[in-house]
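Visitor: The structure's right below; bear with me while I get my questions together.
The values are calculated or read from the model by the stated rules, or taken from the named source; none is laboratory data. Because the structure is predicted, anything quoted here is derived from the model rather than measured. Glycine also receives a Cβ, built like all others from the backbone with ideal geometry; neighbour counts cover every protein chain displayed.
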Amino acid sequence: MIEVQSISKRYGSFLAVRDLSFSVSRGEIIGLVGPNGAGKTTTMKIITGYLVPNDGRVLIDGGDVALDPVKAQERIGYLPESNPIYPEMSVQDYLLWMGKMRGLKGSRLVERLSYAVKACDIEGRLTSTVRTLSKGLRQRVGIAQAILHDPDILILDEPTSGLDPNQIIEIRDLIRDLGRDKTVILSTHILSEVEETCSRALMIVGGTLAVDDRIDHLLGDRTLHFRVAKAGDDTAELLRAVEGVEEVRPLDAAKDTRRFLVVPKDGIDLAPALFHLAVERGWELLELSPARRSLEDVFREATVSGGVAS
Amino acid sequence: MSRVLVLASKEFKSYFNSWLAYVFIACFVTVSMLAHFYWGEFFGTGRADISPFFRSLPLTLLILVPGLTMRQWARESEMGSIELLMTLPAQGWQLVLGKFLGTLGLVAVALLCTAGIPLTAAWLGDLDWGPVLAGYLAALLLGGAYVALGLFASSWFREQFLALIGSAALCSLFGLMSWPKVLGWASNISETAVSVLGFVGFYGRFEAIQRGVIDFRDVAWYLSITALFLFFNVCRLHLRRLA
């Protein structure tokens, strides 16, 4: 549905995004993560047609966004990072105005307005002036504005910033709910948010794509922690020889015990094979457990080394 | 077209939301009345002549209109709301035209509020309404040209104060170019300079229309300058996307 084809964007002499490519299909919820200044916001601005890339292009259902931004923008709901809302307008006036600018009118406008207001839980504050709203409320008005016209594509730049924990859960549920029939690209600093909300993570480091993988792959669902006692120095070699093992990483070695992270080839459950190996070799099996990596680990690997995490 | 009107009415209303509109209208009417009744010595002449009011209009508009246009694009840039505006499914020309009409609407309301001046004259004596209507038409055309110039200038700045200076400078350039004093200085240099300045500048054309001489070329000149700078403004928006 969205094809980002080797885009680059330069601000003066600074290359904010370099040769970035990825594609998104309908119904996916993509989490865009990466350190500050990595190019996440620039990428989103290019997808929405606000900026034109110096190189490459973005296609939405085959149409080039830079050539016909209006056609793409009709289908996009966008929450910019700074969430700008005119301070002198009331919430209701603002949302009605945005709806009209997006071509909604009459009963359809009223219907969509009441949906968005309910979904973002701002029904009680419709007559408030935007100036008087807290950051969390403003953020929810921004999200209401983005979903108002029932767009196919939602681009949300840090949607949960400024929200309290309860509101974060509500907005996550809303995003997951919207993601059933819409395509969502969101950026965030909170990695647990990506784990909980998104189906896929894109990690951008230094303007390039460092990681592009499904969340369950990234978190290594079937990766195992394996700890044995009474094993020799060749343990790692022996483990690598087991069928279906992709990678063995020695972790900490205490006095008598050795600990490894064993990564299987795609989706294979290694537990029985490792158990048999231990029995065969006479090792004392102390631990054989799923090692859920956190996205923080993936993030650190990708950003510190600059390389591609497994 | 409906997007243009939706944007125009929002801009128009937001002037009133922020009290700017009331201050603008109050200043506009006060300056016009002072110019007419006090400096113009309306009561001293003993004639139902409101030309002092119309003679003051080019300067009043020149001083006050940049105060309206400065907040347009510069404020959007400052607040970041330009990002939302430019990701709405609207063409650049629709955004520019919407802002132009919203601001021109306020200028028109301010002009309407000065209706007391010709009405007073008509009440005291026998007023010829033809030149009065022509004068208002000239003022609206001139106001429109200033709004277009001011909007264009405002689109280059991120801070409203700089936008004010920029708008005022650009409007003054066109507004004062054919002022009688300036033409006097230019006549010391060359006759060509006088005719070029007289052609490009706004003042002489305003004089002509306000006297009731509606020349198609004068009207067309105002409309062309307005359209040209609105077009430049649209170009400027496109340039933004590339920046």
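Visitor: Can you pull out the residues in region A:237-260 that are surrounded by 16 or more Cβ atoms within 10 Å (Cβ to Cβ) and out of contact with any helix residue (DSSP H, G or I) (no Cβ under 8 Å at 6 or more places or on another chain)?
Guide: A:Thr257, A:Arg259
Visitor: Tell me, which strands (runs of 3 or more DSSP E) wholly within region A:24-128 include 1 or more residues that are within 14 Å of chain B (Cβ to nearest Cβ) and farther than 24 Å from A:Gly12 by Cβ?
Guide: Of the strands (runs of 3 or more DSSP E) lying wholly inside region A:24-128, those with at least 1 residues that are within 14 Å of chain B (Cβ to nearest Cβ) and farther than 24 Å from A:Gly12 by Cβ span A:55-60, A:76-79.
Visitor: Another question, if that's okay. Would you mind finding the one in B:Thr120, B:Thr114, B:Thr103 that is polar (S, T, N, Q) and within 29 Å of B:Leu237 (Cα to Cα)?
Guide: B:Thr103
Visitor: Which of the residues that make up region A:116-143 are among the hydroxyl-bearing types (Ser, Thr, Tyr) and under 30 Å from the mean Cα position of the chain (by Cα)?
Guide: Going through region A:116-143, the residues among the hydroxyl-bearing types (Ser, Thr, Tyr) turn out to be A:127-129, A:132, A:134.
A:Ser134, the sole residue that qualifies.
Visitor: Looking at A:Leu186, is it touching a Cys at 6+ places or on another chain (Cβ under 9 Å), assigned by the TED database to the domain that holds A:Ser8, under 30 Å from A:Val17 (Cα atoms) and surrounded by 16 or more Cβ atoms within 10 Å (Cβ to Cβ)? Don't jump to the end; show me each part of the working.
Guide: On the way: touching a Cys at 6+ places or on another chain (Cβ under 9 Å): yes; assigned by the TED database to the domain that holds A:Ser8: yes; under 30 Å from A:Val17 (Cα atoms): yes; surrounded by 16 or more Cβ atoms within 10 Å (Cβ to Cβ): yes.
So A:Leu186 fits the description; yes.
Visitor: How many of the residues making up region A:258-291 are farther than 18 Å from A:Asp233 by Cβ and either in contact with a His (Cβ under 8 Å, 6 or more places away or on another chain) or outside the structural domain of A:Glu237 (by the TED database) (or both)?
Guide: The total comes to 5.
Visitor: Okay, next question. If I ask for residues that are crowded, with 18+ Cβ neighbours inside 10 Å and at pLDDT below 85, which ones from region A:195-209 would you list?
Guide: Selection gives A:Glu195 alone.
Visitor: Let me ask something else. Select from region B:91-144 the residues that are surrounded by fewer than 20 Cβ atoms within 10 Å (Cβ to Cβ), modelled with pLDDT under 90 and of a type in the set (Val, Ile, Thr) and list them in ascending order.
Guide: B:Thr120
Visitor: For region A:213-240, which positions are closer than 22 Å to A:Val298 by Cβ and hydroxyl-bearing (Ser, Thr, Tyr)?
Guide: A:Thr223
Visitor: Here is a follow-up. What number of residues within region B:149-171 are surrounded by fewer than 24 Cβ atoms within 10 Å (Cβ to Cβ) and either modelled with pLDDT of 95 or more or in a loop (DSSP other than H, G, I, E, B) (or both)?
Guide: 4
Visitor: Looking for something among the basic types (Lys, Arg) and crowded, with 18+ Cβ neighbours inside 10 Å - is there at least one such residue anywhere in region A:12-32? Steps first, answer last, please.
Guide: Step one: of region A:12-32, the residues among the basic types (Lys, Arg) are A:18, A:26.
Checking the rest, the ones that are also crowded, with 18+ Cβ neighbours inside 10 Å come to A:18.
Looking through region A:12-32, at least one residue is among the basic types (Lys, Arg) and crowded, with 18+ Cβ neighbours inside 10 Å.
Visitor: Of the residues B:Phe24, B:Phe37, which single one is over 20 Å from the mean Cα position of the chain (by Cα) and farther than 30 Å from A:Gly103 by Cα?
Guide: Of the residues listed, the single one that is over 20 Å from the mean Cα position of the chain (by Cα) and farther than 30 Å from A:Gly103 by Cα is B:Phe37.
Visitor: Among helices (runs of 4 or more DSSP H) lying entirely in region B:1-87, which contain 3 or more residues that are modelled with pLDDT of 90 or more? Quick ask: steps written out before the conclusion?
Guide: On the way: elements: B:2-17, B:20-33, B:42-45, B:51-69, B:73-79, B:81-85.
Output list reads B:2-17, B:20-33, B:51-69, B:73-79, B:81-85.
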